[in-house]
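Okay, structure first, notes after.
The values are calculated or read from the model by the stated rules, or taken from the named source; none is laboratory data. This one's a predicted model, so the numbers in the text were calculated from it and none came from an experiment. Cβ placement follows ideal geometry from the backbone for every residue including glycine, while neighbour counts extend to all protein chains displayed.
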Ligand SMILES: [Zn+2]
């Protein structure tokens, strides 16, 4: 219930369901030609290799820095891009991390902020998510951005 202010793919009728299942259902209804693969486990040291296996890139939509750092590390190891996004109330940040070419998440945020219940404004999540999606599209199509170091 507390997530509904920022979840366009989850509605009140979905309360109690796994977000991944609700996500798959809504995306499949939106476009039946899209192939969606979901998993419902929490990402951890034990399963991160399986979660990332076969991925061409990682989009960070996490709500905690420990998982972000874990995904950042795996992105560096696998040499795949990592698209970070985070929000705090009316503020947010987005960055694209290209292993070996740009700073990584640890370079930008050496220490995780202290865990706290933080305010989340739905519109902020929408803006940050759209910017992240744009960064991914720019990376995939190879235009609209400048190569790092050029
Ligand atoms: Zn780094």
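A few notes on this one:
- Scanning the range 111-132 finds one or more residues that are over 21 Å from residue 4 (Cβ atoms), within 13 Å of the chain's Cα centre (by Cα) and surrounded by 11 or more Cβ atoms within 10 Å (Cβ to Cβ).
- Per-region count, the range 102-122, residues more than 15 Å from residue 64 (Cβ to Cβ) and at pLDDT below 95: 3
- Filtered by the rule that a residue be away from the ligand (no atom under 16 Å from the Cβ), within 21 Å of residue 106 (Cβ to Cβ) and either assigned to a strand (DSSP E or B) or without any contact (Cβ under 8 Å) to a residue 60 or more places away in the chain (or both), the range 48-65 gives 48, 49, 51, 52, 55, 59, 62, 63, 64.
- Some residue of the range 61-80 being in contact with a helix residue (DSSP H, G or I) (Cβ under 7 Å, 6 or more places away or on another chain), at pLDDT below 95, on the phi < 0 side of the Ramachandran plot and assigned by TED's automatic domain parsing to the domain that holds residue 121: yes
- When residues of the range 74-99 are limited to those that are in contact (Cβ under 8 Å) with a residue 12 or more places away in the chain and over 21 Å from residue 134 (Cα atoms), the one nearest to the ligand (Cβ to nearest atom): 76
- Screening the range 100-145 for residues that are touching a helix residue (DSSP H, G or I) at 6+ places or on another chain (Cβ under 9 Å) and assigned to a helix (DSSP H, G or I) and picking the one that is nearest to the ligand (Cβ to nearest atom) gives 106.
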